[in-house]
């Protein structure tokens, strides 16, 4: 499982955009978004770097969570 910190994710639109971005690299990914915590957990076959890249391409500040 990959956990991302997405510091500028604040609303339902953000949640949808991040989820769709992840689905673009892995349509079967299981995505859990915690808006108040600004984190995203992803169960996916895509690499961490691919997940980061697509979320960043959507305009979000994403980093791997510690």
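The numbers here are math on the coordinates, done by the rules we state, and not lab data. The structure presented is a predicted model; accordingly, all values stated were derived computationally and were not measured. With ideal geometry, Cβ positions are generated from the backbone for all residues, glycine too; neighbour counts draw on all protein chains shown.
Going through the range 1-15 one residue at a time, which ones are part of a loop (DSSP other than H, G, I, E, B) and farther than 12 Å from residue 65 by Cα?
Result: 8, 9, 10, 11.
Enumerate the pairs (first residue in the range 6-22 and closer than 13 Å to residue 42 by Cα; second residue anywhere and surrounded by fewer than 12 Cβ atoms within 10 Å (Cβ to Cβ)) with beta-carbon separation below 7 Å, excluding pairs fewer than 6 apart on the same chain, so at least 6 apart or on different chains.
Listed by first residue and then by second, the contacts come to 21/57.
If I go through the range 23-38 residue by residue, how many of them are within 17 Å of residue 13 (Cβ to Cβ) and touching a strand residue (DSSP E or B) at 6+ places or on another chain (Cβ under 7 Å)?
Residues meeting the conditions: 3.
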